[in-house]
Amino acid sequence: MWPATFEQRLHAWGVLRQCVQHASLDQAVVEINAWWFRAPWRAYHLHWDDQAKWPDPWELLSDNIYCDLARGLGMLYTITLLDRLDLQDSVLAESDQGNLVLVQDRKYILNWDSQQVLNINPGLIKPLHSVTQQQIKLQLGQQ
């Protein structure tokens with residue numbers, strides 16, 4: 001169940017990050033994907049053309065509005081704040097397959113399905129837009 005208040009969401013997000021900080025990579029990406037798929041879905045909220053105005057992680061949790069892009073952004077924020085060496089190349093990419101979070105050179109694909117994380121090569125993904133983990137770190141003042 002998705003937490004009802006901002007304080008509950010913030011706490012639950014912190015618990016998620018603590019749980020996956022030292023988990024195996026497989027377990028971490030599955031849990032991050034599953035947690036964000038519990039968020040209440042809305043057809044449209046964020047748009048790639050408004051990237052400069054996207055909410056930071058705390059605003060995202062406060063707004064509590066999650067389209068496919070917002071959910072993927074939440075996943076990338078989570079991965080970025082973990083600062084794990086095995087997750088350093090993560091990218092949020094808009095493609096003809098949706099807004100996907102690509103981890104470990106596309107070995108893992110999040111925001112594809114609520115029940116599974118793809119760990120197969122789905123073929124060539126041609127991103128229309130993308131934002132890297134390094135860009136998110138700069139935005140959050142982590143570099």
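Since every read-out is calculated from the coordinates, none of them should be taken as a lab result. What you see is a predicted model, and the numbers here were worked out from it, not measured in a lab. Reconstructed Cβ throughout: ideal geometry from the backbone, glycine too, with neighbour counts over all protein chains shown.
Starting from 0.36 nm per residue, how many nanometres of slack lie between Gln51 and Leu140 once their C-alpha separation is accounted for?
This chain segment gains 30.7 nm when fully extended.
Want the number for Val15 to Lys107: 0.36 nm per residue separation, take away the alpha-carbon distance, what's left?
Result for the pair: 30.6 nm of gain on full extension.
Once you charge only the Cβ atoms, +1 for Lys and Arg and -1 for Asp and Glu, what is the size of the charge dipole of region 6-139 about its Cα centre, to the nearest 20 debye?
120
Fewest first, what order do Thr80, Thr132 take by the number of other Cβ atoms within 10 Å?
Least to most surrounded, the residues fall as Thr132, Thr80.
For Lys137, Lys53, what ranking results if the residue with the fewest other Cβ atoms within 10 Å of its Cβ goes first?
Exposure proxy ranking, most exposed first: Lys53, Lys137.
Considering amide H positions built from the backbone, and no H for Pro or chain starts, which residues 5 or more places from His129, or on another chain, come under 5 Å of its amide H?
So His129 has HN proximity to Glu94.
Can you sort Ile65, Ile136, Ile32 from fewest to most other Cβ atoms within 10 Å of each residue's own Cβ?
In increasing order of surrounding Cβ atoms, one gets Ile65, Ile136, Ile32.
Among Gly72, Val103, Gly14, flag the residue with its Cα farthest along the positive direction of the charge dipole of the chain, charges on Cβ as +1 for Lys/Arg and -1 for Asp/Glu.
Sorting the options by dipole projection puts first Gly14.
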